[in-house]
């Protein structure tokens with residue numbers, strides 16, 4: 001056994017156990033329970049705080065992945081930047097009477113997520129010797145820190161040896177491991193730390209943890225450090241328990257990188273020390289208080305327990321993956337893993353952002369700030385393609401450069417995303433009426449978006465300002481001309497840019513209106529909207545034309561909306577992503593087709609749930625959860641469909657709608673900047 005002194009990371013153990021959290025006192029409406037867990041068919045659930053994501057594992061006392069927001073490097077798939085898998089500083093081992101427990105030795109294995117407190121509790125029995133309860137959470141008030149609480153109850157006299165482990169994923173290199181004890185008169189802080197380089201050496205990543213015990217200073221167990229190899233080291237202690245005795249301790253840890261601070265090694269250790277000296281009770285108090293604030297904005301469905309669980313799970317995940325006061329956006333999979341390389345797509349602005357804008361405008365603002373801070377890169381992208389203004393990448397990484405693998409044509413051609421960004425910026429102003437933000441953020445963005453579209457169109461006379469050679473929302477049709485959604489979003493964002501200028505007393509560029517007025521929305525002879533110039537009725541991947549009626553308002557005539565729905569609904573592929581069905585649900589709800597809307601709503605989530613927690617996959621039968629894009633779409637079906645919420649120049653208004661037969665009531669709490677309660681009947 002070698003004891004090496006190298007790098008540090010973040011994770012620490014804290015000594016007080018809250019009966020409320022450990023006892024999982026939440027009502028069933030707030031719980032997601034995993035039982036009869038099959039490791040071969042297991043899709044983890046995530047506890048996250050908008051910065052770090054901890055993905056559950058079927059193995060006792062383990063987590064599958066630790067994801068750190070904002071840290072990217074070039075490695076793996078596609079020769080492009082990927083979000084980094086960082087040190088697993090939450091894993092633990094447990095020896096009982098000298099034997100390491102594992103999946104084959106345990107019984108009554110159960111995992112329960114308390115969505116109200118964003119805490120995952122795992123319970124199990126080891127032979128006839130001990131019962132274990134472990135609760136893990138990503139601390140909401142400490143963005144880079146996580147807390148683990150452990151409670152071990154002896155069934156018979158035994159000796160336990162818990163271990164806090166830091167493991168290094170294969171993508172990190174030049175690993176250095178450290179252990180240190182900092183003695184003070186009232187406490188000893190034990191720091192287990194790892195530091196490494198990202199695959200290309202671009203970033204340094206660090207993580208750290210420390211045991212904190214309930215016993216008075218000087219009576220804590222002795223801690224031993226073991227450094228087995230460069231990819232794993234641990235700190236452990238031993239404790240003899242008598243039958244019936246319960247022993248409690250906690251672990252809190254932190255992680256950082258040079259994407260977040262110049263000195264992540266010292267930062268991780270400082271954050272761990274801070275959390276250790278806060279102690280468990282204070283950490284829990286502040287964490288729970290922050291989640292209580294988040295849940296002031298909630299959706300309550302009476303009469304349909306399954307819909308209530310699914311909707312609250314979707315809200316929980318969006319709240320977990322985002323946070324206010326920063327400039328990070330949302331990947332389609334949030335912080336639930338490395339899906340889609342952690343890149344940012346239109347999924348954010350069109351699908352996940354609208355529910356957050358309605359319920360948490362301050363959180364939605366962070367997503368816009370991500371785009372605003374990357375405007376210069378978007379200007380360079382437009383310049384490189386021969387256009388003016390900003391051209392946002394289809395897949396955006398930490399720097400905002402195009403990060404789509406070169407074999408995917410969506411990168412060079414899916415231009416509607418630039419309109420989606422502009423659309424989202426105006427929507428924020430409609431909700432908040434924040435003129436200072438409009439002056440410094442909203443209008444500067446919308447002006448550049450409008451300049452892009454004015455340069456992008458090919459001007460061939462009145463009514464013939466074509467947008468050729470694009471990929472629309474239906475990605476199965478490549479390099480087509482005058483795509484319905486692309487043209488509709490261009491028209492809309494040009495109009496919004498003119499409105500933004502007028503709000504600030506600025507004369508808008510008259511060319512923006514000229515361009516908007518002359519971009520065509522193509523029609524079939526019977527008046528049905530045509531998806532693109534050469535569209536011939538083939539199966540589509542997802543919503544495109546129907547997006548012109550919602551969330552856009554390019555088509556407002558109910559008769560035309562029905563006509564487009566009648567034509568395109570049977571053309572949706574059953575293999576399409578979840579959010580397509582949510583558009584059909586929203587539109588049908590607004591048209592009064594409540595039964596049909598409810599069927600589409602259920603289809604937007606139920607077939608995509610995977611065991612054991614019902615987390616959402618991208619498609620029915622998919623295996624790449626958690627699909628936060630689908631969660632955002634499903635929430636829009638509830639908020640903007642059945643709930644009738646509409647974002648207009650007058651702010652947040654409500655359309656008259658009807659609830660599904662099963663629903664006795666729909667209450668939407670914390671709507672808009674005034675945090676109003678909206679009732680739908």
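Apply the Kirkwood formula to region 415-523: the hydrodynamic radius equals the inverse of the mean of 1/r over all pairs of different alpha-carbon atoms; give it in Å with one decimal.
Values: mean 1/r = 0.0714 Å⁻¹.
Evaluated over region 415-523, this radius sits at 14.0 Å.
The distance from the alpha carbon centre of region 535-597 to that of region 303-324 is 24 Å, rounded to a whole number.
Taking 37 °C and 0.692 mPa s as the conditions, I'd like the Stokes-Einstein D for region 225-306 in µm²/s, using the Kirkwood hydrodynamic radius from alpha carbon pairs. Once the numbers are plugged in, D ends up at 189 µm²/s.
Centroid-to-centroid, using Cα positions, region 617-661 and region 451-526 are 26 Å apart. Just so you know, the Rg over Rh for region 154-242 is 1.08, from Cα atoms, with Rh as the Kirkwood radius.
Please state the relative contact order of region 530-597 as a whole percent: Cα pairs under 8 Å, 6+ residues apart? Don't jump to the answer; show the numbers that get you there.
Values: 58 pairs, mean separation 24.3, N = 68.
Computed over region 530-597, the figure is 36 percent.
Helical content of the chain, expressed as a calculated mean residue ellipticity at 222 nm, amounts to -8500 deg cm²/dmol (DSSP H runs of 4 or more residues, -39,500 (n - 2.57) each, divided by residue number, nearest 500). Normalised radius of gyration (Cα atoms, divided by 2.2 N^0.38 Å) for region 564-625: 1.15.
Restricting the calculation to Cα atoms, region 300-365 yields a radius of gyration followed by a Dmax of 12.8, 39 Å.
When you restrict to C-alpha pairs under 8 Å that are six or more residues apart and normalise by the size of region 244-344, the relative contact order lands at 12 percent. For the chain, the Kirkwood hydrodynamic radius comes to 26.1 Å, computed from all pairs of different C-alpha atoms.
Wrap a convex hull around the Cα atoms of region 599-652, take a quarter of its surface area, and give that in square nanometres. Intermediate results must be reported in sequence, preceding the final value.
Details: hull surface 16.9 nm².
With the hull built on Cα positions only, its mean projection is 4.2 nm².
With the largest listed first and rounded to whole Å, the semi-axes of the equivalent ellipsoid of region 456-597 from the Cα gyration tensor are 27, 19, 13. Rounded, prolate or oblate, given the Cα gyration tensor of region 69-194, with a/c below 1.5 counting as rounded? Prolate is the answer for region 69-194, as a/c is 1.5 or above and a/b outweighs b/c.
Put simply, the Cα atoms of region 154-306 extend 56, 47, 33 Å along their principal axes, the longest span coming first.
How large is log10 of I(q)/I(0) for region 510-585 at q = 0.11, 0.23, 0.25, 0.27 Å⁻¹ when the intensity is taken from the Debye formula with one equal scatterer per alpha-carbon? Per q value, in the given order, log10 I(q)/I(0) is -0.30, -1.12, -1.26, -1.38. Quick one: grab the alpha carbon gyration tensor of region 261-357, order the square roots of its eigenvalues as a ≥ b ≥ c, and give me rounded if a/c is under 1.5, else prolate or oblate depending on whether a/b is larger than b/c. Oblate, since a/c reaches 1.5 and b/c is not below a/b.
Using Cα pairs closer than 8 Å and at least 6 residues apart in sequence, work out the relative contact order for the chain, in percent. List each step's numbers first, then the result.
Details: 1740 pairs, mean separation 94.6, N = 681.
The value is 14 percent.
Overall size of region 404-465 from C-alpha positions, given as principal axis extents largest first: 39, 37, 17 Å.
Using only the Cα atoms of region 514-672, build the gyration tensor, take square roots of its eigenvalues as a ≥ b ≥ c, and label the shape rounded, prolate or oblate: rounded if a/c is under 1.5, else prolate if a/b is larger than b/c, else oblate. Present the calculation step by step, with values, prior to reporting the outcome.
Working: a/c = 1.79, a/b = 1.21, b/c = 1.48.
Oblate, since a/c reaches 1.5 and b/c is not below a/b.
Here region 170-213 was treated as a single set of alpha-carbon atoms; its pair distances binned every 5 Å from 0 give 6, 21, 23, 16, 12, 10, 7, 4, 1 percent.
Read the figures in this text as sums done on the coordinates, not as results from a lab. Predicted, not measured: the structure shown is a model, and the values here were computed from it.
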